[in-house]
Amino acid sequence: MKQHVGSVFYALLCVVALTGCATTGNGVTGNLLSNGQYRKQTVANPKTYFRRVWAVEDNGEIRVSGYLRLKGIHGFNIPDYVEVAFIDGEGNIVDAKKVVYYPGSLYGRKNHREGRFSATFAQVPPAGTTIRLDNVN
């Protein structure tokens, strides 16, 4: 019986974790980029690119997050910020924010090729808005 206690505990822990994740109930919606509510636009940069970008609405706010990743193995002169901007259908900037990514230095080693960023906005823009991402100073 003693050898099965660990297995039973692990199975119970997995069930609780999966059930808790499925029933958070805090008003968080899925990725608004993948369901077509918003469009993503990235400004080309010769040294970096964006991956796994999410836009999530939560309690009247919108959070845009993702990863900034190096294209090559050397991280020289990489801009320090990610600019997240909401662009309406006419090309006007509705709202914009510059945020830092973490870790702040991308220098090409195994665990330092990408940095995570997150920007939270108080106003949720209307559907059809473009989310523009740019790596800037």
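No value in this document is a laboratory result; all are computed from the given coordinates. Quick caveat: nothing in here was measured; it's all calculated off a predicted structure. Using ideal geometry, Cβ is built from the backbone for each residue, glycine included, and neighbour counts are taken over all protein chains shown.
Taking a ≥ b ≥ c as the square roots of the eigenvalues of the Cα gyration tensor, region 28-136 is prolate, since a/c reaches 1.5 or more and a/b is larger than b/c. Give me the distance between the Cα centres of region 57-78 and region 82-137, rounded to whole Å. Cα centroid to Cα centroid, the span is 6 Å.
Peptides 87-96, 65-74, 41-50 ranked from most to least packed by the mean count of surrounding Cβ atoms within 10 Å: 65-74, 41-50, 87-96. For region 84-128, chymotrypsin sites (Phe, Trp or Tyr not before Pro) meeting the loop criterion (DSSP other than H, G, I, E, B) and having at most 16 other Cβ atoms within 10 Å: Y107. Simple rule: put +1 on each Lys or Arg Cβ and -1 on each Asp or Glu Cβ in region 33-137, find the dipole, and look at A119, N45, H74; the Cα lying farthest toward the positive end is H74. Peptides 30-39, 75-84 ranked from most to least packed by the mean count of surrounding Cβ atoms within 10 Å: 75-84, 30-39.
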